[in-house]
Each structure stands twice: as C-alpha cells, then as structure tokens.
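The values are calculated or read from the model by the stated rules, or taken from the named source; none is laboratory data. Quantities reported herein were computed from a predicted structural model and do not represent experimental measurements. Note: ideal-geometry Cβ built from the backbone for every residue, glycine included; neighbour counts use all protein chains shown. When the accessible area is computed, the model is the full protein with side chains, heavy atoms only, and any ligands, DNA or RNA have been set aside. Shrake-Rupley method; radii C 1.70, N 1.55, O 1.52, S 1.80 Å.
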Amino acid sequence: MSEKKLTGEVYFPPKDVVKYANARCEKLYESASEDIEAFWASEAKNLFWHKKWSQVLDDSNKPFYKWFVGAKTNIAYNCLDVHCQTPRRNKLALIWEGEKGEFHSFSYFALHRETCKFANILKSLGVKKGDRVTLYMGRIPELVIGMLACARIGAIHSVVYGGFSVEALHERLEDSQSKVLIVADGAWQRGKIIELKNIADEALQRAATVESVLVVKRTGHQINMESGRDMWYHELMNLPIANNSDCLEVVDAEDPLFMLYTSGTTGKPKAILHTHGGYMVGTYTTLKYVFDIHEEDRYWCAADPGWITGHSYIVYGPLLNGATSFLYEGAPTYPYPHRWWQMIEKYGINILYTAPTAIRGLMRFGDAWPNRYDLSSLRLLGSVGEPINPEAWRWYYKVIGKEQCPIMDTWWQTETGMFMITPMPCTPLKPGSGTKPFPGIVADVVDEAGNSVKPNEEGYLVIKTPWPSMLRTIWNDPDRYVNQYWSKYPGMYMTGDSARKDEDGYFWIIGRVDDVIKVSGYRLGTAEIESALVSHPAVAEAAAIGLPHEVKGNAIYSYVILRSGYEKTDKLLEELRLHVGHEVGPIAKPEQVEVVDQLPKTRSGKIMRRVLKARALGQDPGNLSTLEE
Ligand code: PRX
C-alpha cells in the first residue's frame, strides 16, 4: 500500500513491525484472492487431523455450508495434546490472576492433565458426544478447563456469561436442554460476591433438564448443595476415576463444538452453533496473522470467556497457536485504575486486546495511572466489540502504545467466529476504521437492492463468500438461520450492521441496523429487556432503546405503560430497574425507566423504537407514514 495515496488521518506502522510483517501480509492477501479454498486448506494443514478432508468446502446445500468435509479431528487435541508432544509441553499455556491478586499458572502439560481429568468426570456422569453442558462462572481457569473438557469428549458447551441472571440462565438451560451445569459458588467483582450458585438454584427451579450440577469453589461463601444433584468440582477431581485412561473423542470436522447465545432482531436469544474443524482453522489463522503471535509472546485478551471474544481469542485461538494466554478475573479499575497497567508490567504482556468501552473508562482517569508503569513490553494492541471513537483510539495509541504499537481494530461477530474486517500489523491505520477484510473474506456495503454503494455512502454490511468459522445454524431453528442471515440477498450473509467504505476501500462500521443494543460492547436485544419488564406485575407494555453514552457506547432507556392499579412512584421505577437486573443481568439494567401512556407503534403493532429514540435525542423522527393513528 502506497503511503501517499491514503486519505484522512493515517498512521503508518512502526518501521520494525513493517520489516518482519509486511512481506508476509501482502503475500497472504494475494494468495487468498487467487483461490480462497486453497488458502484455507493451506492453513488447515498446520493443524492436526486424525483423517484428512476429501473436500474443503461443500456448498451444495446453501446456506448450510460445510468445511473440511470428511475430516476427523478434535479441537481440544489440537489445543493441548499436539503441544504436549513438543518442547512446548512445559511452556505456560495460561496465566491467571484473581481480583484479590492470587496467581495461578498452567503449563500445556498441566492444562492437558486437568482437562483430561475433568473430561473423565463428565464422562462418568454420563455426558456423551452431542450432549449439552452449560457453564456459568466468572473469569477463572476452571471455565477454560470445562470448555476444553467438553470439547475433548465431543460434548457441546454452552457458556453463559457470569453477568447474566436468573431468567437469562433459565432460558439458555432450557433451550439447550443441558444435562449438566458447571457453576462457581460465586464470582468476585469489585470486592463483592456475585452469588452465581444462588442464581443458578433459582434458574434450576424453572428448568427441568439438568441432572447434575458441578460446583467450583471460588468465593467459599455459604451455599446450598442439593444432595444427589450438586457435587463439588474439587472433590470430583480427586477421585481415582478422574485419572481414567484417555477419553479423547475423535469427531467429524462438522460436529458441533459449542453453542453460544446471542441477541438478535426479535424474540428470545438464539444459540449460534460452531463446529470443531472450520472454527479451529478460522481462529488459529486469524490470531496468528493479525496479532502476529510469536513463540515468546504473552498475550492478553481482556474479554470474558462467556462471550465469543473469549471463546475464540482467550481459549481456542491462543492455545491452537501454542501461545501463552493471560486471564484476569476482575474489573479494570478495581481497586484502582492502575490494575491493568500494573499487570502488563508485572507479567510482561506483549499484546493487549480489549474493547473501546474499557479504553474510554480507563482514559477518564487520566494519563498518570498508566504513565507510572513500564508498558514497554507491549508490541501490539487490539480493539473489538463496537466502533472505537478516534479520541479513544488516539489515547490508546499514544498513552498505552507509546506510538509504537499498531492497533488491530477487529470487526467480527458471535456468528462469524473469527476476525472478518481487520488490519494486519503492516496495514496503515485510520482511527475508527477496521480497515479491510481479512484475506479470503469478501465483504461489501450494499443498498436495499443488494447493489454495492458508492464510496462513503452508508449501506448494509454483507459478506459475499463463506468462511470456515462461520456459524452453521441456529440451534434447533434452521429456518431462523436462513431467514435472519441469508434471505434478504440470496448468497450474501447479512451482518445486521450498517457501514460505509471510503475511497481507499477502508470499512467504517456505523452500528446495528436491528434491535440489538451494544452496552459496553455486550450485545443485548431490546426484546430481552422488554420481556423482563413485562414479566413484572406492574407493567402492561414496555419498550427499550439504546442512547449514546460516553463510556458504555450505548445505555439502555426504557418506557413502560403501567397496568391499572399501579402508580408511578420513584420506588416502583427503581424496582423495575432492579427487576431487569435480576431477570436478565446487571448489564441490562436500564439507566432510566419512564412511564408513558402510549408507545409509538406501526399499524401492525410493532413498536417504533426509532421514534422513541428520535424523541429522546430531540431529533426529527423521519418518516411516520406507518405509525398508527
Ligand atoms: O455491531 C458490530 C459490533 O459488535 C457486533 C457483534 O457483537 P457480538 O456478536 O457480541 O461480538 C462481539 C465481539 C466480536 C457487530 O455486529 N462490533 C464488533 N466488533 C466491532 C464492532 N463494531 C465496530 N468495530 C468493531 N471492531
């Protein structure tokens, strides 16, 4: 890419980054554009397959694409066993620090041993290939071990973010028909205990399929253990049965690896299904090139394993690459805003991957906090989850990266499984732009009719070719999979985002075009918040919208119509906020609940959230022709 031709605010990569990465980057784009399947196949060859594929991509039944057809493998085997057969066996796979400063590390050998032990326990409890196991914990190593143990025996893991609450957990347990729940007694957050097991007990009263509950002791506070159902993880791990012979299940490349619930346009959260083979190739390849992982690197993805970023880039991507991954339990600013910078210095972190909301949150406390620490180990930075505003980008670049670390602003989704639009270390950067599609990805911005729009015009972001780590379906709802992602323009994957492409071909994400609200990078559906509000006896109807927020990106505002007999009082409004927190989770708590007499609706009864949003922002609501009288 020629330096002079690019428009706008451009940052060129530091010279030594260019020196080692540039030649490789350009070759990748070239080879992938010549033959996409050959590109992915050549990457797949770096991984271990118990049986090789007969076909790279089967697109005979679109949009139910299959990758590495006929191949046999296991992603957990590739994450652990493969490295244990090399000198990496004694390399650190995972370093963990707890909120109270506790420290634990696992070599590849140790992580393999713990995973096998837990896999044996799950097997002994009757968990078989294809069974669903739900995990509900904070950021602790047992979550990683649990995920890998499921993968190892071919069970499908469903991780529910520890910040979700009773109804969210219940819905996910029921929809997945999970046989086993792995839960922690509690999680530390800002010095307080989130009582996960208590929340789970309440959810379990509403859900019937769970036979066994395995409890990891983390906070050690008093909990209820139901005899015959609840068992302590540490006691099970000490049983001789945990040391049974190897329990590896070699699976088909297309066998499901995990389901992960996310919010969509309408209705209940949906479980996105990913498979062993394609997901493995996608996460391995993207992490290797985009973060340019080196053998000696210490890499920190500060997301939560309960979201896709944690699945792909705390657990699977780093382990597939034989990297050392760092996991931190607590919040960035607890007890003081130095915590992250202190740990970067302490552990010599080379790559930091986080979300704009965290950057904005830390930026508020000023430069003195990071400036007190030696951050010179950092070589690369990453951002994900929502558009990063240029001001936060510049702060990250200058104050944290000291103008020496390129920022990889990675655009992707739960559904895509891997980075889709992202710079590589050699890419000239523009603050706020994810730059270009990863090699082998064909993305575009199109209008209502599906035609490419002109440079700088806004349109729908679509992906025009399949990729290995794409979602395969929505669990139990293939029709919704087709309708939601593939029906607007046949052959094109609808991302649900709007975007524009500038004159240099750089992509700029604008935001969601559906009823998804991104709060602190977390994805929430208006439907979930509204149904929580309506489940309160005082509420007849409810609507939720996202409004801009300085740190969170968006904050939730809600509007309710009260049932007769209820009066608007401050106490009731606070109760409604807390009710949403109890049902969905603290992240979903509205900033404000407003009582209204009417909600703007279309003639067919659909709430017109854009009208509410325009009103709240004092803007013109636009076309109101569909508004009912
Ligand atoms: O709107 C986009 C936004 O997050 C959505 C996907 O959310 P989720 O499935 O929870 O996955 C988040 C982590 C991969 C997208 O549709 N988004 C994600 N990354 C970016 C982004 N928006 C702008 N820039 C990004 N880098």
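Legend: translational diffusion of the stretch 187-301 by Stokes-Einstein, Rh = Kirkwood radius over C-alpha pairs, 25 °C, 0.890 mPa s; D = 131 µm²/s. Compute the Cα gyration tensor for the stretch 69-178, then decide on rounded, prolate or oblate, letting a ≥ b ≥ c be the square roots of its eigenvalues: rounded whenever a/c is under 1.5, prolate when a/b is larger than b/c in the other cases, and oblate in all that remain. Oblate, since a/c reaches 1.5 and b/c is not below a/b.
The residues of the stretch 310-368 present an accessible area of 24 Å² per residue when probed at 1.4 Å with all protein chains retained.
Lacking any other cysteine beta-carbon closer than 4.7 Å, the following Cys residues of the chain have no compatible partner: CYS79, CYS84, CYS116, CYS150, CYS247, CYS301, CYS405. Expressed as a whole percent, the accessible area of the stretch 473-629 that falls on carbon and sulfur atoms is 49 (1.4 Å probe). Estimated at the nearest 10 Å², the accessible area of THR309 is 20 Å² with a 1.4 Å probe. By the Stokes-Einstein formula, at 0.890 mPa s and 25 °C, the stretch 236-278 with its Kirkwood radius over alpha-carbon pairs has D equal to 182 µm²/s.
What does the C-alpha gyration tensor say about the overall shape of the stretch 536-629? Classify as rounded when a/c is under 1.5, otherwise prolate if a/b is larger than b/c, or oblate. It comes out oblate by the Cα gyration axes. Protein-only accessible surface at a 1.4 angstrom probe places the residues LYS62, LYS552 in the order LYS62, LYS552, largest first. Under 20 Å from a point placed 7 Å out from the Cα of GLU26 along the Cα-to-Cβ direction: which residues of the stretch 405-440 have their backbone N that close? Once the point is set 7 Å along Cα→Cβ of GLU26, 406, 422-430, 435-440 turn out to lie under 20 Å by backbone N, inside the stretch 405-440.
If you wrap the tightest convex hull around every Cα atom of the stretch 578-621 and split its volume per residue, you get 109 Å³.
Once both labels are positioned 7 Å from their Cα atoms along Cα-to-Cβ, the gap between PHE109 and HIS221 label points is 3.9 nm.
Other residues with beta-carbon under 13 Å from the beta-carbon of GLU457 carry, at +1 per Lys or Arg and -1 per Asp or Glu, a net charge of -3.
Placing a label point 7 Å from the Cα of GLN177 along the Cα-to-Cβ direction, the residues of the stretch 109-133 whose backbone N falls under 12 Å from that point are 131-132.
Remark: relative contact order (the stretch 172-249) = 30 percent; criterion is Cα-Cα distance under 8 angstrom and separation of 6 or more residues.
Among the protein heavy atoms of the stretch 182-325, carbon and sulfur supply 46% of the accessible surface, probe 1.4 Å, non-protein parts ignored. Counting only DSSP beta bridges with both residues in the chain, the antiparallel share comes to about 60 percent.
Which log10 I(q)/I(0) values, to two decimals, does the stretch 356-453 give at q = 0.13, 0.18, 0.20, 0.22 Å⁻¹ under the Debye formula with one point per Cα? So the normalised log intensities are -0.52, -0.88, -1.02, -1.16. A 1.4 Å probe run over the protein chains yields, for the stretch 117-194, 23 Å² of accessible area per residue, whole-number rounding. Taking a sphere under 13 Å around the Cβ of TRP395 and counting the other residues whose Cβ falls inside, with K and R at +1 and D and E at -1, yields a net charge of +2. Working note: Cα gyration tensor of the stretch 230-357, eigenvalues times five, square-rooted, sorted largest first, giving semi-axes of 27, 22, 19 Å. Lys and Arg at +1, Asp and Glu at -1: add these up for the other residues within a Cβ distance under 14 Å of ARG610 and post the number. Net charge around ARG610: +3. The share of C-alpha pairs in the chain whose separation exceeds 46 Å stands at 13 percent. For the stretch 538-581, the equivalent ellipsoid derived from the Cα gyration tensor has semi-axes of 23, 11, 8 Å, listed largest first.
Using C-alpha pairs below 8 Å separated by at least 6 residues, the relative contact order for the stretch 199-305 is 15 percent. Ligands, DNA and RNA aside, TYR397 has an accessible area near 10 Å² when probed at 1.4 Å. Overall shape: oblate for the stretch 49-114, with the ratio a/c of the largest to smallest alpha carbon gyration tensor axis at 1.5 or above and b/c at least equal to a/b. Taking all C-alpha pairs of the stretch 320-373, those more than 14 Å from each other amount to 57 percent. The largest accessible area among ASP175, ASP58 belongs to the first residue in ASP175, ASP58, and the rest follow in falling order (1.4 Å probe, all chains). Projection of the Cα convex hull of the stretch 433-561, averaged over all directions and equal to a quarter of that hull's surface, yields 10.2 nm². For the stretch 148-247, divide the Cα radius of gyration by the Kirkwood radius and give the resulting Rg/Rh value with two decimals. Result for the stretch 148-247 is an Rg/Rh of 0.97.
For the stretch 193-235, the Cα gyration tensor yields ellipsoid semi-axes of 17, 14, 8 Å (square root of five times each eigenvalue, largest first, whole Å). Ligands, DNA and RNA left out, the 1.4 Å accessible surface of the stretch 70-147 is 52% carbon and sulfur atoms. The residue among ALA168, ALA119, VAL595 whose Cα reaches farthest toward the positive pole of the charge dipole of the chain, with charges on the beta-carbon of Lys, Arg, Asp and Glu, is ALA119.
Give me the one-decimal Kirkwood hydrodynamic radius in Å for the stretch 417-470, with the sum taken over alpha-carbon pairs. Mean inverse Cα-Cα distance, inverted, gives 12.4 Å. A simple spin-label model places the labels of LYS91 and LYS464 3.8 nm from each other, with each point 7 Å out along Cα-to-Cβ. Using r as the Cβ-Cβ distance of LEU599 and VAL482, and R0 as 25 Å, what FRET efficiency do you calculate, to the nearest 0.05? Efficiency computed from Cβ-Cβ geometry: 0.20.
Sorted largest first, the spans of the alpha carbon positions of the stretch 551-606 along the three principal axes are 35, 27, 19 Å.
Measuring between alpha carbons in the structure, the pairs from LYS568/LYS601; LYS270/LYS589; LYS270/LYS518 lying more than 18 angstrom apart are LYS568/LYS601; LYS270/LYS589. How much area per residue is accessible in the stretch 506-629 when the probe is 1.4 Å and only protein heavy atoms are counted (Å²)? Ligands and nucleic acids excluded, the result is 49 Å² per residue.
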